[in-house]
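Visitor: Before I ask anything, let me first share the structure, which is written out below as structure tokens.
Nothing in this text is a laboratory measurement; each read-out follows from the coordinates by a stated rule. This is a predicted model, so every value here is computed, not measured. Cβ: placed from backbone, ideal geometry, glycine included. Neighbour counts: every protein chain shown.
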Amino acid sequence: MDSQPLMRDGLALVISRALLCEVYVEEGDFTSATARVLEKRIDLVISDFRIHGETGLKFLETIARSEGATRCLIFSAFDELQIGYACMRAGASGFVSKSSHTDKLVAAVKTVLEGRHYVSEVLAKALMGKNEVALKGSIGALLTSRELEVFSLIAAGMVVSQIALRLGISVKTVEAHRENIKNKLGCDNASQVVAAAVRWLDSASVAI
């Protein structure tokens, strides 16, 4: 899943030719993707971390708990320690940066389809707790998956009621998550949380 047709179609062509496998190309969104995964047998989903303002964390957690064997590889322009760490924690089978060569993506797809995980050495060390220095200050590692979802939607300019509707939770629950985020980041008020969220979204993106 990717919001850019050129990127989506190009990757599908590269992967199908390299691995001689059948590739379905869809943009959709995380809700429709979840429904399709639960309905049909799909071996692997390749998805960006963020599509149409939503993050894939809830999607990852849902398919990780499902009875099927669907795996998910995150292919994103977001920083691997800020976002890759959170995605792997939420159930992703791999993380590849969009700044990588297509050969690396093909290798990642092959690795995941073989039942293994694919991450860079830096991210692997972080996940094993052997790279605390790299993770220091990483919001992706500091916040829980749901807190990171809320934080991401705050960064997108959504207010509490909109976030509650988007995530299917109550306004009070969103406010509780925002309070936890505020305390973890050392913010004094909701306005500082918004400012921190916007800065984080900008710093977590990498050039592609």
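Visitor: Mind sorting PHE30, PHE151 by how few other Cβ atoms lie within 10 Å of their own Cβ, fewest first? List each step's numbers first, then the result.
Guide: Details: PHE30 20, PHE151 27.
So the residues, fewest neighbours to most, are PHE30, PHE151.
Visitor: For the chain, set up a Gaussian network in which alpha carbons nearer than 10 Å are linked by springs, and say which option among MET158, MET128, MET88 fluctuates the most.
Guide: Of the options given, MET128 has the highest mean-square fluctuation.
Visitor: May I ask you to sort ASP43, ASP48 by Cβ crowding, counting other Cβ atoms within 10 Å and putting the fewest first?
Guide: Numbers: ASP43 13, ASP48 19.
Listing ASP43, ASP48 from fewest to most nearby Cβ atoms yields ASP43, ASP48.
Visitor: What's the extension gain from ASP103 to GLU179 if we count 0.36 nm per residue and subtract their Cα-Cα distance? Please list the in-between numbers first.
Guide: Working: separation 76, 0.36 × 76 = 27.36 nm, distance 4.27 nm.
Residue separation times 0.36 nm, minus the Cα-Cα distance, leaves 23.1 nm.
Visitor: Could I ask something else about it? Just to confirm a number: summing +1 for Lys and Arg and -1 for Asp and Glu over residues other than PHE95 whose beta-carbon lies under 14 angstrom from that of PHE95, what do you get? It would help to have the intermediate numbers written out before the result.
Guide: Details: positive: ARG50, ARG71, ARG89, LYS98, LYS104, ARG116, LYS125; negative: ASP48, ASP79, GLU80, GLU121.
Cβ neighbours under 14 Å give a net charge of +3.
Visitor: Still on this structure, I have one more. Give the Debye-formula value of log10 I(q)/I(0) at each listed q (0.19 Å⁻¹), with one equal scatterer per alpha carbon of the chain, two decimals each.
Guide: With one equal scatterer per Cα and no solvent, log10 I(q)/I(0) is -1.45.
Visitor: Of all GluC sites (Glu not before Pro) in region 47-112, which ones are in loop regions per DSSP and have a Cβ with at most 15 other Cβ atoms within 10 Å? All intermediate terms of the calculation are to be shown ahead of the outcome.
Guide: Working: sites: GLU54, GLU61, GLU67, GLU80; in loops: GLU67.
Counting only loop positions with at most 15 other Cβ atoms within 10 Å, the GluC sites (Glu not before Pro) in region 47-112 are GLU67.
Visitor: Student exercise: in the chain, how many lysine pairs 8 or more apart or on different chains have Cα atoms under 20 Å apart?
Guide: For the chain, qualifying lysine pairs total 9.
Visitor: What is the P(r) of region 68-133, as percent of Cα-Cα pairs per 10 Å bin from 0?
Guide: The percentages, shortest bin first, are 22, 56, 21, 1.
Visitor: Something else now. Need the full-extension length gain, LEU165 to ALA69, defined as separation in residues times 0.36 nm minus the C-alpha distance. One decimal, nm. Please list the in-between numbers first.
Guide: Values: separation 96, 0.36 × 96 = 34.56 nm, distance 2.97 nm.
Length gained between LEU165 and ALA69: 31.6 nm.
Visitor: Still on this structure, please answer the following. Return the calculated 222 nm mean residue ellipticity for the chain, to the nearest 500 deg cm²/dmol, obtained by summing -39500 (n - 2.57) across DSSP H runs with n ≥ 4 and dividing by the residue count.
Guide: Working: 12 runs with 116 residues, N = 208.
My calculation for the chain gives -16000 deg cm²/dmol from helical runs alone.
Visitor: Compute the distance in nm between two label points, each set 7 Å from the Cα along the Cα-to-Cβ direction, one at GLU39 and one at ASP79.
Guide: 3.9
Visitor: To continue, here is another question. Long-range amide H contacts for LEU44: which residues qualify at under 5 Å (H placed 1.01 Å from N, peptide plane, sequence gap of 5 or more or a different chain)?
Guide: Long-range HN contacts for LEU44: ARG71.
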